[in-house]
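S.K.: Would you mind keeping the following structure in view while I ask a few things?
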């Protein structure tokens, strides 16, 4: 069953302390070639019927993202693709 | 510049109260055809040079995901593609 994936990330100009904390911890793991880490949210929405992108956009806009500090992108993925 | 994206989601058998809260709020928005909402994390890692998937996997395994309750998937995306 295809699902709609909403990716929510802080806008590039907004500081991301959580990502920064991870980036700062990397040298202790012996990793020195990472220039930036940004942490956002991935939301998977499953519809009872066909995936509805417009509906998903409305949900993202009203419930999932804060448009003042965050951007979001919406796409349909097959259940097998890119599922963790 | 391509970046590595790590998607971290709770394993399917683990309850997701945050996603459940969103799903429960949807009828108040007039949305009744959503069967499930799951909320995870999306981490974008930028490398100083070429993206290094093995390195990213090591970072995800040690820092970003809790393998007891979470699964993760790693992929390289172009900066323009699917960026919120």
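S.K.: Checking the condition surrounded by fewer than 16 Cβ atoms within 10 Å (Cβ to Cβ) and either within 16 Å of residue A:40 (Cβ to Cβ) or touching a strand residue (DSSP E or B) at 6+ places or on another chain (Cβ under 9 Å) (or both), which residue from B:11, B:62 passes?
M.R.: Result: B:11 is the single residue among B:11, B:62 that is surrounded by fewer than 16 Cβ atoms within 10 Å (Cβ to Cβ) and either within 16 Å of residue A:40 (Cβ to Cβ) or touching a strand residue (DSSP E or B) at 6+ places or on another chain (Cβ under 9 Å) (or both).
S.K.: Right, something else. Quick check: anything in the stretch B:67-84 in contact (Cβ under 8 Å) with a residue 24 or more places away in the chain, over 30 Å from residue A:49 (Cα atoms) and assigned to a strand (DSSP E or B)?
M.R.: yes
S.K.: Filter the stretch A:18-34 down to residues that are within 19 Å of the chain's Cα centre (by Cα) and outside any helix (DSSP H, G or I), then give me how many there are.
M.R.: 0
S.K.: Please go through the stretch B:19-28 and give me each residue that is surrounded by 15 or more Cβ atoms within 10 Å (Cβ to Cβ) and out of contact with any helix residue (DSSP H, G or I) (no Cβ under 9 Å at 6 or more places or on another chain), ordered by number.
M.R.: Listed by number, the residues that qualify are B:19, B:23.
S.K.: Something else now. Output the residues belonging to the stretch A:14-34 that are touching a strand residue (DSSP E or B) at 6+ places or on another chain (Cβ under 9 Å) and within 22 Å of residue A:70 (Cβ to Cβ).
M.R.: Of everything in the stretch A:14-34, those that are touching a strand residue (DSSP E or B) at 6+ places or on another chain (Cβ under 9 Å) and within 22 Å of residue A:70 (Cβ to Cβ) turn out to be A:14, A:16, A:18, A:19, A:20, A:21, A:22, A:23.
S.K.: Name the residues in the stretch A:41-60 that are more than 7 Å from chain B (Cβ to nearest Cβ) and within 14 Å of residue A:7 (Cβ to Cβ), would you?
M.R.: A:53, A:56, A:57, A:60
FYI, it's all coordinate maths here, none of it is from the lab. Predicted model only: the values in this text are computed from it and were never measured. Positions of Cβ are generated from backbone atoms using ideal geometry, with glycine treated the same way; all protein chains shown enter the neighbour counts.
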